[in-house]
1. In the calculated pair distance distribution of the range 33-93, what percentage of Cα-Cα distances lie above 20 Å?
2. For the chain, set up a Gaussian network in which alpha carbons nearer than 10 Å are linked by springs, and say which option among Met123, Met42, Met55 fluctuates the most.
3. Given R₀ = 35 Å, what would the calculated FRET efficiency be for Ala73 paired with Ala137, taking r from the Cβ atoms and rounding to 0.05?
4. Please list, in order along the range 67-79, the HN-Hα scalar couplings obtained from phi with the Karplus expression 6.51 cos²θ - 1.76 cosθ + 1.60 (θ = phi - 60°), rounded to whole Hz, x for Gly and Pro.
5. Using the Cα centre as the reference, give the magnitude of the dipole from point charges on the C-beta atoms of the range 53-102 (Lys, Arg: +1; Asp, Glu: -1; all else neutral), rounded to the nearest 20 debye.
6. May I ask you to list the aspartates and glutamates whose Cα is less than 20 Å away from that of Lys131, ignoring any residue fewer than eight positions away on the same chain?
7. Using the scaling law 2.2 N^0.38 Å as the reference, what is the normalised Cα Rg of the range 80-137?
8. Ignoring ligands and nucleic acids, what accessible area does His69 show with a 1.4 Å probe (Å², nearest 10)?
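The values are calculated or read from the model by the stated rules, or taken from the named source; none is laboratory data. Nothing here was measured: the structure is a model prediction, and the numbers come from that model. Note that we place each Cβ from the backbone using ideal geometry, even for glycine, and neighbour counts take in every protein chain shown. SASA here: full protein model, heavy atoms, side chains in, ligands and nucleic acids out. Shrake-Rupley method; radii C 1.70, N 1.55, O 1.52, S 1.80 Å.
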Amino acid sequence: MELVEFQRLKGLSDHGAVESLVKELGIVYVTAITRDGCSGCMEQKPLFRVLAREMTSDLAEKFHFSNVHIRYADNDKSESWESKKVFRHAAYPTYLVHVRSKNGVLEVFRAVYPTMEELEKQMRESLDLAKFYKDEA
């Protein structure tokens with residue numbers, strides 16, 4: 001799993017940030033957006049890691065997992081607000097599933113605090129789309 005500090009994406013447009021995460025055709029990109037001090041993020045972090053480990057052991061070349069982490073403190077919420085502008089998410093943890101087409105990045109799924117079963121279902125369903133767009137390109 002790739003850990004991406006939001007600082008690296010800061011200043012990019014929503015399009016640019018997602019483009020920097022979703023690079024290749026034929027791959028399903030799964031991104032968790034988390035922040036410091038988020039109890040839901042801490043609860044789901046080990047579950048997401050297990051899912052990533054299981055999925056990449058079976059289909060290593062088909063999935064890419066990343067975690068965009070947001071720094072947050074009661075006296076400095078600026079990075080959290082910036083991430084909401086960039087990714088247009090409402091809360092933490094938010095999970096995104098993307099595939100790339102010849103015309104750019106396409107969002108397939110977005111959810112706040114989904115079950116890992118639902119996330120896995122969406123990921124598996126996205127495999128056909130990723131293959132279709134790669135073959136079409």
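1. Of all Cα-Cα pairs in the range 33-93, 36 percent lie more than 20 Å apart.
2. Looking only at Met123, Met42, Met55, the biggest GNM fluctuation is shown by Met42.
3. Computed FRET efficiency for Ala73 and Ala137 comes out at 0.20.
4. 10, 8, 9, 9, 7, 8, 8, 4, 8, 8, 9, 4, 5
5. So the magnitude is around 300 debye.
6. Straight-distance partners of Lys131: Glu19, Glu24, Asp58, Glu61, Glu107, Glu120.
7. 1.27
8. 40
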